[in-house]
Every structure is written in C-alpha cells, then in structure tokens.
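Heads up, the thing below is written out as structure tokens.
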Amino acid sequence: MAGIHIHPHDILDEGVTQIKELIGEMTDINYIFPQMNTIFERNPYPIGVLPHNPKHKFVQGKGEMYVVLPSYKAIDQKRNAALTPDKDPLMILKTEMEETDVQIIPWANILNGDFTGTALQDNLVVDDQGKAAEKWLCPNAPDVIDFWEKVFTDTYQRYGYTTYMIDRIRYPDWAGEKVDPRGLLTCFCPHCEKKMSEENLNINEIKEKIAEIRALLKDKQFDHAVDILTQDQSLKDWHRFRQNSVTTFIANLTQRMKQIDNRFAFLLDLWPPAYSWILGQDYSQLTKYASSLKHFPYHKLGGGADVQGMIDYFADGSDESESAFKAFNRLFGLYDDLSYSQFKKEGFPIRFVAEQNKLARKKSQPDTHIFSGIQMWNIEPGKLVEAVKAADESEADELIYYCYGWADRELFHAIGQHRRGENS
Ligand SMILES: [Zn+2]
C-alpha cells in the first residue's frame, strides 16, 4: 500500500471529492499526507502547470502555515492570508475523509519557512562568515523546540492528530529560491558555537578548513575540495556535531510530545542515505526516536537533490561541469562511470532506487518502516510504473507518491492499472 502527499491548495482549489476520485483510481492509497505549512517552492517545480486544478495554473509556495492556531510570541510562522476557521484545508480534509479507511498524517516542515516573532534573529542558522540564513531555524537555538511543541499541541487540540510526518529536519541544502551552497556551511550561531566549545571542537580550525574549501571551489579544484571534505578530522567532527544536533532536537521534541499524549509519534522525512550525512541526518541515531521514515530515492531527479543547480553554480563549460560532477559523485559515493551529459538526460541509473533503499534499511534501527518516495510528475506512465516496481522490489516497505496536484490524470490511472495487474 502507499501514501500520497497533497498541498493545501489542492484541497482548497479542487475540493476533496475530486481528490478522492483521482486517488481512488490508484487503488493503493491508504494514507494522505497533507502539508500543514508550505516551503518556498513553485508548484509544480520548476516549470509547468497544475493539470487538474480549476483555479490556478501554478501556485507559489511561500513558507506559510495553513493550520488554524493561536499566535505565538518568540517564534511564529506567517499564516496564509486566506486561512480562516471556515476555510481551513486540514479541517475540510478531515471532515470529508471521515467515512473512509484512509489515514491522514499531517506533514510539517520544521526548520524552514517564513518565520516571525520577537526572538527570530536569535534562532536563525548562521554561516561560517556570520551571515544568517533568513528562512532557516537552528536546531540548537533556544526557542525553536518550544514553538513546535506549541504548534503540535494546538494542532492536536483542534484536529485530533497524534501522528505527523516531519520534514526539513536538517541544515539547509544548496537549493531553494535560488541555488546557494553556503547553506551547507552552517551553523555558527552563538548557541552552536557554545555547544561546540563545550564539546571541545576547534571552531577556528573548522572555519579555516571551510575557507580552504571555498577557495578551492572558486579555483575549480573540485577533487581537492572533496578530499578535504571527506578526510579532514575537524570537518568530520563538525559533521558529527551537526548530526547530533538534529538528533537531539528530534529526541527532545518527541519526548515533550509524548508527555502531552503518549500516542504522539513522528515519521521522519530524510534525504536518501547518500546525501543525508552532509545535511545533519544520521539514520541510525534518528530511528531510535521514530519507527517510520520516508526518503526520496528517485533516480531521475538525483534523489531530490538539485544536482544540476549545484554543478552549474560552480562550473563553467562542459569540461568543468564533467569534473565537478565527478567530484560530486565521489563525495556522495555515487556513480564514477556516469557522465554529466548522460545524467542531465536520464538522471541516475534506476538501480539508485534499490541501492538507496538498501542503505536506508542497513543504517536504520531494526524494524524501521521505510517509505520510498515516488515522483508523479514530468514522467511518462510507463516510466512511473517502472519506478514503482523498482521501489516495490526494494527493501522499502511502502511508497509515498508526490505530488498529487502536479500529477497528470493518466498517471493516477497508470498506477491503478499496474496495481490491478493490467498492462499500462
Ligand atoms: Zn546554530
């Protein structure tokens, strides 16, 4: 069986009747994951139109909250302007799905969004040169966990849910409104630096190594930069620190929520194992606090990473792109025999799906329930079915499709045909 990710605008623009009809065609959906708050992403991304949305050709995500909550002081998230108690997408979905067997698991983006509040500046992620990342909260900052404890408590009180998918539980990657690899060089906020000192990390040495990497990348010495990134002990310690910071945040948030209601549980949205370590995600530690996770080992899109954005940012011309892509593959233990031009055409080989699911299984605690993400957009029905088969045959337990609103009608149909054993 499987789940599907939907956006607030899908509910508000299309209505739940149409959503039920289209996902009904797939025949394998037993969970809906509705977003509580959005990210800064065009829907669909990066171009194209929403094929069955009667009101909008595309919708720009603005990092806004779409559940009805009280306002909070220290940290808060901007509410969508159209949100009212009567026009509340999560409540509409809950009410209209009541008579079905489909379980609703709200999906929250934790550390990335359009945040506000009196203490915001003291809670942002900061890079090695002291520049704050405006839309990212630091897992070590003091008010972030209080904010999310209040959000989940108040969401529980209004809507009754105790299980949530939590996404963006990491440091920034290089994608977003524009490509910016400096997100990877965080966090040096006062709270992180204090904690690093307490743990005897040499902050100056880490910053010096980062400066060296910056210079090498500027000089197009990609391989040398990767050598330092993978071999230098101070950077290894620093990546371990980042991973511990995210794990501690999740452990504490889980513990706080279980004190409010023991049924509280989080599903983790992680990056595929190839990349997770560099973003502060450690599968083996995190799965001590959550029994389910989802990752996105979709080969065509480079496993959810904006690989092309990264390569094009650093490289000029095809020779440089090829050498940057080779270094990228070496950094993440991927494909040394794949050329960049081939990747741009076809993505990673389809065996990426099985390989990343196998790694996710190996790195996670025993019996972790693994969802493998499947992209339902910009893909032919036959290729979608091929990706579904690869995920079904992998070590993942179930699939999560996304996104509902981006998917052509024929794709819902193709899944249904495949599930019924008909040829598509
Ligand atoms: Zn920090």
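The values are calculated or read from the model by the stated rules, or taken from the named source; none is laboratory data. The shown structure was predicted, so the numbers you read here are calculated from the model rather than taken from an experiment. Note that we place each Cβ from the backbone using ideal geometry, even for glycine, and neighbour counts take in every protein chain shown.
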Using the structure shown, decide if Tyr171 is of a type in the set (Ser, Thr, Tyr), more than 14 Å from the ligand (Cβ to nearest atom) and crowded, with 16+ Cβ neighbours inside 10 Å. no
I'm told Asp306 meets every condition in (1) surrounded by fewer than 22 Cβ atoms within 10 Å (Cβ to Cβ); (2) over 20 Å from Pro46 (Cα atoms); (3) among the acidic types (Asp, Glu) except one. Can you identify the failing condition by its number? (2)
Quick check, is Lys345 over 18 Å from the mean Cα position of the chain (by Cα), part of a helix (DSSP H, G or I), modelled with pLDDT of 95 or more and surrounded by fewer than 16 Cβ atoms within 10 Å (Cβ to Cβ)? no
Output yes when any residue across the range 285-303 is under 27 Å from Glu149 (Cα atoms), buried (at least 24 other Cβ atoms within 10 Å of the Cβ) and either among the charged types (D, E, K, R) or at pLDDT below 95 (or both), and no when none is. yes
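Suppose we keep only residues that are basic (Lys, Arg) and surrounded by fewer than 16 Cβ atoms within 10 Å (Cβ to Cβ) within the range 361-383. Which one would you say is nearest to Leu50 (Cα to Cα)?
Lys383
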State which residue pairs qualify: first residue at pLDDT below 95 and loosely packed, with under 13 Cβ neighbours inside 10 Å and inside the range 114-134, second residue assigned to a strand (DSSP E or B) and not hydroxyl-bearing (Ser, Thr, Tyr) in any location, beta carbons under 8 Å apart, and separation of 6 or more residues or different chains. Glu134/Leu124
Answer yes or no as to whether Ala82 is part of a loop (DSSP other than H, G, I, E, B), among the small types (Gly, Ala, Ser) and within 16 Å of the ligand (Cβ to nearest atom). no
State all residues of the range 318-342 that are crowded, with 18+ Cβ neighbours inside 10 Å and in contact with a Ser or Thr (Cβ under 7 Å, 6 or more places away or on another chain); if no residue qualifies, say none. Leu331, Tyr340
Out of Glu25, Glu21, I need the residue that is touching a residue at least 60 places away in the same chain (Cβ under 8 Å) and charged (D, E, K, R). Which one? Glu25
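Here are Thr230, Thr247: which of them is of a type in the set (Ser, Thr, Tyr), in contact with a Gly (Cβ under 9 Å, 6 or more places away or on another chain) and farther than 14 Å from Leu185 by Cα?
Result: Thr247 is the single residue among Thr230, Thr247 that is of a type in the set (Ser, Thr, Tyr), in contact with a Gly (Cβ under 9 Å, 6 or more places away or on another chain) and farther than 14 Å from Leu185 by Cα.
Listed residues Trp107, Trp136; which is within 14 Å of the ligand (Cβ to nearest atom), closer than 20 Å to Arg42 by Cα and not charged (D, E, K, R)?
Trp136
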With the condition kept exactly as written, say whether any residue in the range 13-28 is closer than 22 Å to Leu111 by Cα, surrounded by fewer than 16 Cβ atoms within 10 Å (Cβ to Cβ) and modelled with pLDDT of 95 or more. no
